[in-house]
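The values are calculated or read from the model by the stated rules, or taken from the named source; none is laboratory data. Note that this is a predicted model, so its numbers are computed, not measured. Virtual Cβ from ideal backbone geometry, glycine too; neighbours counted across all protein chains shown. Heads up: the accessible areas ignore ligands, DNA and RNA and are worked out on the full protein's heavy atoms, side chains in. Shrake-Rupley method; radii C 1.70, N 1.55, O 1.52, S 1.80 Å.
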Amino acid sequence: MPDRKYKTIVGNISRQESLLNRITNRIRQSLELEEILSTAVLEIRAFLDTDRVKIYRFSPDGSGEVIAEAIEGNALPSLLGLNFPAGDIPEPSREMFIKARQRVIVDVVHQQKTVSNLDCTQTGKNLPTADIRHAIADPCHLEYLSNMGVRSSLAIPILHQRQLWGLLVSHHSQRRTFSEQELQLAQLLVDQISIAIAQSNLLEQARQLAEYEATLNRISSLLHSPLNMAEIHQSVLEETVLALDGSGGRLYIHADSIGQPAQLYTCGEQPEIPWLEEDASWEQLMHSQGSERASNPLLGDVKAWDIAQTIMRAQVGQPSFFASKPLSLPYLYSISNLYQDERFHLLAPTFQATQIRSVLIVALQYHQQCVGYLTVFRHEIETETLWAGRDNLDERNGRPRASFAAWREIKKGQAQTWTQDDVKLAHALGIHIYMSVMQRRVEAMIRHQASHDQLTGLPNRLFLNDRLSLELINAHRQNEVLAVLFLDLDRFKTINDTLGHAMGDQLLQSVTDRLRGCLREGDFIARWGGDEFTLLLPQITSPEDATHIARRILHALSQTFWFEDHEFYVTASIGIALAPYDGEDVETLLKNADTAMYRAKQQGKNNYQLYTSAMNGTALEQLVLENNLRKALEREELILHYQPQLDLNTGEVISMEALIRWQHPELGLVPPSQFIPLAEETGLICPIGEWVLRSACQQNQAWQMAGLPRLRVAVNISGRQFQQKNLVKTITQILEETGLNPEDLEIEITESVAVQDVDFTIAILQQLRDMGIHVAIDDFGTGYSSLSSLKRFPLNTLKIDRSFVRDLASNTCDAAIVRAVVSLGQGLNLQVMAEGVETQEQMMALCKVGCTGVQGYFFSKPLPIDAATLYLRSYQVNLRCHTGH
């Protein structure tokens, strides 16, 4: 008998240890809390041999839900997924679960309860032995359990970080007592569950942190991407709304002090007021929270130089003044229900027509420096809760409910609260956006100060030169006239010396205002220096347009100036130069306008002068050249030179490019740069281009008939010639007349010509390709073709412009561009040809990046027909790219 009892005890201990090991191993093997809890209730129910074991999870409001359950038989119904109101477990009972880790056993049949306190209620320390007390059970509690069908109940608290996370509850439909060993093991298992909860929380925190960092990295990448600022800010807003589970949002950036207007980006449903952040109610809300904006929206009380240093240090990994004191944006407002928050009552009406219910506002502000606001919205939602029985709403009836049948409660128009994690993420995103905006503003301010005159705010001489260069390019492309006006105030030095520099500065500022008032939209004014101003007037149709502006300026300046009771009269002398007549480059135009201005002074000041002599001289020269060019075809003064194009892989000459020259009987050899633009302008380029095409095809056919190796001849087609409707017909006719195989002809058009009308270009080039003619894009990289357009063009060859080849061996930017073009060509299965190869270093650099098509003076200059023929006969290959073999 003793042996049997001993074996039973040993067996029970072994079973208990096995159960504990299974639960412990499950916690170690699984990272998912739901799986661990499900396993735990199954094992504990089997061990205690009761009808139902459940884990009850508390919500912040004291209510709770059964999140795991194990049931044996049909004695008790399932409660899994049901919610219980906070009143089912009174607050004092919840407090004792925490303070004493109180374990409660209720014997419904005998109306008794046993309470075991594992911790001291005063100190919170573990007791050596449990403080066990027996008492009569509360009648309401007994009735509550009876209505549930329970005759025996065991409740053990599950704690996490000294808070009541939930309860492990065992229910039995019959009277049931629990041994000390069972209770100890159940407590050990609950402790293991607490460990699993801590482990799960750590895992969830790690996941949230990874997601948090990924979101910040995405936002940071967007903020530093090469997109334009509008695209960046819109993308940042959309990513932010997505990360914060919002239904919409707004990003408002204040106007800055250098002329950039306020910017607003939106996504999702919006309030009725478009520029909400500029509404008086919004300002009142921000100011009431201490979020006052500084009078200078660019600098505030944080010095621009300090911010600039911070940004520069951050870029090189050095500590900044934000590093020692972490940057914080204290002005952040989380409004869970905008209709119940007193702060938002003035703005709430503008949201009434929307489903927006919750608002999170981050003021992009540091100290008094506010650059804007980031706002995220959340829609109202519909909530659904499955309750265990319908709670008794009659407070006079304090008895527990009689039924625990599932009851579904649906609430509409509920607000979504902002969690602490939401607020932290929004705060971090706000810091990133704030720093990005400030960095851009500091950079813009530095650029502005470098290119503008501080006294008048006008662009300075450096800016003028850049702007004039661009205007000249535009004027050339659009075939328009550009006027440059050089203005000098008469006798300004006398005013400055007599009344002082302060008065002179005020006069210059007033003069600036009047000059601005005389200009058209699109005109440009700069302060050249001292009392000199320069004006650019684009898109003028005649010299009279420029003289009209000059007269308007002289009239405006003739009006009286008043400063501190002093009356001033100011006049000016203006010189006018016109592009392209008086010069096609910055230096020439400014020099000629300056010369005309001095002529105006010589004429008595207070007048304007056109640079007529230069204009007339240039016009006469152009007229003579045009007349001679018209006769050049008839007199057979035009000739072709040929420059070989080689393949460095094979060493073969693959093509000869035909290049036109003008052998003038008096002027000698006239370069194409002098007469081709004139031919384009007058329309002579079309008959000249047809002559070049026919002559080149004839010459290639002659070479082949003479037994020279078969190769292509490349001919450039001008923009005006390419736009001719009969171009394909003309080429077809020339090929038939000369007998040249279409595969031995290559047509080259420039990138700028190709993109003028993409669909037209594709149609023409496809016809040429269908005939077997090779097609090349010349000067690639200097135009504005997009990749989407380029891949649609039916091409054979990309020709890299010589400007990228010139410094290829020493300029990393040019090398990168060439490498990119070669990769692009290879990806599109196109041959790549580099123009302007003049040195062995350039050739080797091209070999290194995989460009084997070359052309340039290093191999041969453009040759007359006889020299080209001799070249083709005698050329021997010794220029292969070395690959190490």
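Checking the condition modelled with pLDDT under 85, part of a helix (DSSP H, G or I) and crowded, with 20+ Cβ neighbours inside 10 Å, which residue from Val442, Val437 passes?
On the way: Val437 fails: modelled with pLDDT under 85.
Sole residue among the options that is modelled with pLDDT under 85, part of a helix (DSSP H, G or I) and crowded, with 20+ Cβ neighbours inside 10 Å: Val442.
Which one of these does Asn496 not meet: (1) in contact with a helix residue (DSSP H, G or I) (Cβ under 7 Å, 6 or more places away or on another chain); (2) surrounded by 16 or more Cβ atoms within 10 Å (Cβ to Cβ); (3) within 21 Å of His555 (Cβ to Cβ)?
Only one criterion is unmet by Asn496, namely (3).
Of everything in the stretch 845-865, what is over 19 Å from Arg712 (Cα atoms), in contact (Cβ under 8 Å) with a residue 12 or more places away in the chain and part of a helix (DSSP H, G or I)? Give them in sequence order.
Within the stretch 845-865, Ala845, Leu846, Cys847 meet the criteria.
Got at least one residue in the stretch 318-331 being modelled with pLDDT of 50 or more, open to solvent by 20 Å² or more (accessible area, probe 1.4 Å) and over 30 Å from Gln449 (Cα atoms)?
yes
Going by the conditions given, is Ala86 surrounded by fewer than 21 Cβ atoms within 10 Å (Cβ to Cβ) and either within 20 Å of Leu159 (Cα to Cα) or within 51 Å of the chain's Cα centre (by Cα) (or both)?
Numbers: surrounded by fewer than 21 Cβ atoms within 10 Å (Cβ to Cβ): yes; either within 20 Å of Leu159 (Cα to Cα) or within 51 Å of the chain's Cα centre (by Cα) (or both): yes.
Here the answer is yes, as Ala86 does meet what is asked.
When only residues in the stretch 561-578 that are at pLDDT below 90 and either outside any loop (DSSP other than H, G, I, E, B) or open to solvent by less than 20 Å² (accessible area, probe 1.4 Å) (or both) count, which is nearest to Ala596 (Cα to Cα)?
It comes out as Val570.
Which number in (1) open to solvent by less than 50 Å² (accessible area, probe 1.4 Å); (2) modelled with pLDDT of 90 or more marks the one condition that Tyr608 misses?
In the conditions (1) open to solvent by less than 50 Å² (accessible area, probe 1.4 Å); (2) modelled with pLDDT of 90 or more, Tyr608 misses (1) alone.
Asn479 passes all but one of (1) over 25 Å from Leu554 (Cβ atoms); (2) more than 40 Å from the chain's Cα centre (by Cα); which number fails?
Of (1) over 25 Å from Leu554 (Cβ atoms); (2) more than 40 Å from the chain's Cα centre (by Cα), only one is false for Asn479: (2).
Do we have any residue at all in the stretch 750-764 that's out of contact with any strand residue (DSSP E or B) (no Cβ under 6 Å at 6 or more places or on another chain), closer than 22 Å to Phe675 by Cβ and modelled with pLDDT of 90 or more?
No, the stretch 750-764 contains no residue that is out of contact with any strand residue (DSSP E or B) (no Cβ under 6 Å at 6 or more places or on another chain), closer than 22 Å to Phe675 by Cβ and modelled with pLDDT of 90 or more.
Report yes if some residue within the stretch 170-178 is surrounded by fewer than 16 Cβ atoms within 10 Å (Cβ to Cβ), within 18 Å of Glu91 (Cα to Cα), among the polar types (S, T, N, Q) and assigned by the TED database to the domain that holds Ile98; otherwise report no.
no
Is it fair to say Arg491 is surrounded by fewer than 16 Cβ atoms within 10 Å (Cβ to Cβ) and over 23 Å from Leu464 (Cα atoms)?
Working: surrounded by fewer than 16 Cβ atoms within 10 Å (Cβ to Cβ): yes; over 23 Å from Leu464 (Cα atoms): yes.
For Arg491, the condition - surrounded by fewer than 16 Cβ atoms within 10 Å (Cβ to Cβ) and over 23 Å from Leu464 (Cα atoms) - is met.
Which of the strands (runs of 3 or more DSSP E) contained wholly in the stretch 108-219 include at least 2 residues that are under 51 Å from the mean Cα position of the chain (by Cα)? It would help to see each step written out before you state the result.
Details: elements: 112-119, 126-136, 152-160, 163-172.
Ranges flagged: 152-160, 163-172.
Looking at this structure, is Ser153 under 30 Å from Glu443 (Cα atoms) and among the polar types (S, T, N, Q)?
no
Give the residues of the stretch 808-831 that are among the β-branched types (Val, Ile, Thr) and open to solvent by less than 70 Å² (accessible area, probe 1.4 Å), sorted by residue number. Talk me through it step by step, then tell me what you get.
Our first condition is that a residue be among the β-branched types (Val, Ile, Thr); within the stretch 808-831, this holds for 812, 817-818, 821-822.
Ile817, Val818, Val821, Val822 - these are the residues of the stretch 808-831 that are among the β-branched types (Val, Ile, Thr) and open to solvent by less than 70 Å² (accessible area, probe 1.4 Å).
One line per residue, one yes/no per condition, for (1) within 30 Å of Leu76 (Cα to Cα); (2) free of Cβ contacts under 8 Å to residues at least 24 places away in the same chain; (3) open to solvent by 50 Å² or more (accessible area, probe 1.4 Å):
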| site | (1), (2), (3) |
| --- | --- |
| Arg343 | no, no, yes |
| Leu346 | no, no, yes |
| Thr350 | no, no, no |
| Gln355 | no, no, yes |
| Leu360 | no, no, no |
| Leu364 | no, no, no |
| Gln369 | no, no, no |
| Leu374 | no, no, no |
| Thr385 | yes, no, no |
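May I ask you to list the residues in the stretch 500-518 that are surrounded by 17 or more Cβ atoms within 10 Å (Cβ to Cβ) and either part of a loop (DSSP other than H, G, I, E, B) or touching a residue at least 60 places away in the same chain (Cβ under 8 Å) (or both)?
Scanning the stretch 500-518 gives a single hit, Leu507.
Would a scan of the stretch 795-811 turn up a residue that is part of a helix (DSSP H, G or I), modelled with pLDDT of 85 or more, under 28 Å from Glu743 (Cβ atoms) and in contact with a Leu (Cβ under 7 Å, 6 or more places away or on another chain)?
Within the stretch 795-811 (the criterion being part of a helix (DSSP H, G or I), modelled with pLDDT of 85 or more, under 28 Å from Glu743 (Cβ atoms) and in contact with a Leu (Cβ under 7 Å, 6 or more places away or on another chain)), the answer is no, since none of the residues qualifies.
Test each condition in (1) in the same structural domain as His774 (by the TED database); (2) touching a residue at least 12 places away in the same chain (Cβ under 8 Å) for Arg873 and report the one that comes out false.
Going through (1) in the same structural domain as His774 (by the TED database); (2) touching a residue at least 12 places away in the same chain (Cβ under 8 Å) one by one, Arg873 breaks only (1).
Given the stretch 695-755, what helices (runs of 4 or more DSSP H) lie entirely inside it while holding 1 or more residues that are loosely packed, with under 15 Cβ neighbours inside 10 Å and in the same structural domain as Gln767 (by the TED database)? Step through it out loud before you land on a result.
On the way: elements: 719-722, 727-738, 751-754.
In the stretch 695-755, 719-722, 727-738 are the helices (runs of 4 or more DSSP H) which contain 1 or more residues that are loosely packed, with under 15 Cβ neighbours inside 10 Å and in the same structural domain as Gln767 (by the TED database).
Being among the β-branched types (Val, Ile, Thr) and in contact with a Phe, Trp or Tyr (Cβ under 8 Å, 6 or more places away or on another chain) is the filter here, so list the residues in the stretch 55-110 that pass it. I'd like the intermediate steps shown before the answer.
First, pick out the residues of the stretch 55-110 that are among the β-branched types (Val, Ile, Thr): 55, 66-67, 71, 89, 98, 104-106, 108-109.
Once the filter is applied, which keeps residues that are among the β-branched types (Val, Ile, Thr) and in contact with a Phe, Trp or Tyr (Cβ under 8 Å, 6 or more places away or on another chain), the stretch 55-110 yields Val66, Ile67, Ile105.
What tally of residues in the stretch 683-700 results from selecting those that are free of Cβ contacts under 8 Å to residues at least 40 places away in the same chain and out of contact with any strand residue (DSSP E or B) (no Cβ under 9 Å at 6 or more places or on another chain)? Please lay out each step first, then the result.
So in the stretch 683-700, the residues free of Cβ contacts under 8 Å to residues at least 40 places away in the same chain come out as 683, 685-686, 689.
Subsequent filtering for residues that are out of contact with any strand residue (DSSP E or B) (no Cβ under 9 Å at 6 or more places or on another chain) retains 683, 685-686.
Qualifying residue count, the stretch 683-700: 3.
Here is a check on your reading of the model: is Thr419 of a type outside the set (Asp, Glu), within 30 Å of Ile335 (Cα to Cα), surrounded by fewer than 21 Cβ atoms within 10 Å (Cβ to Cβ) and in the same structural domain as Val241 (by the TED database)?
yes
I'm trying to understand the selection: among the residues of the stretch 543-560, which are assigned to a helix (DSSP H, G or I) and either open to solvent by 20 Å² or more (accessible area, probe 1.4 Å) or touching a Lys or Arg at 6+ places or on another chain (Cβ under 7 Å) (or both)?
Of everything in the stretch 543-560, those that are assigned to a helix (DSSP H, G or I) and either open to solvent by 20 Å² or more (accessible area, probe 1.4 Å) or touching a Lys or Arg at 6+ places or on another chain (Cβ under 7 Å) (or both) turn out to be Pro543, Glu544, Asp545, His548, Arg551, Arg552, Leu554, His555, Ala556, Leu557, Ser558.
Given the criteria out of contact with any helix residue (DSSP H, G or I) (no Cβ under 8 Å at 6 or more places or on another chain) and in a helix (DSSP H, G or I), does Val236 qualify?
Working: out of contact with any helix residue (DSSP H, G or I) (no Cβ under 8 Å at 6 or more places or on another chain): no; in a helix (DSSP H, G or I): yes.
For Val236, the condition - out of contact with any helix residue (DSSP H, G or I) (no Cβ under 8 Å at 6 or more places or on another chain) and in a helix (DSSP H, G or I) - is not met.
Of the residues that sit in the stretch 55-83 and are modelled with pLDDT of 90 or more and among the acidic types (Asp, Glu), which one is surrounded by the fewest Cβ atoms within 10 Å (Cβ to Cβ)?
This residue is Glu72.
Taking Pro864 as meeting all but one of (1) closer than 21 Å to Leu745 by Cα; (2) touching a helix residue (DSSP H, G or I) at 6+ places or on another chain (Cβ under 8 Å); (3) surrounded by fewer than 19 Cβ atoms within 10 Å (Cβ to Cβ), write down the number of the exception.
So Pro864 meets the others, but not (2).
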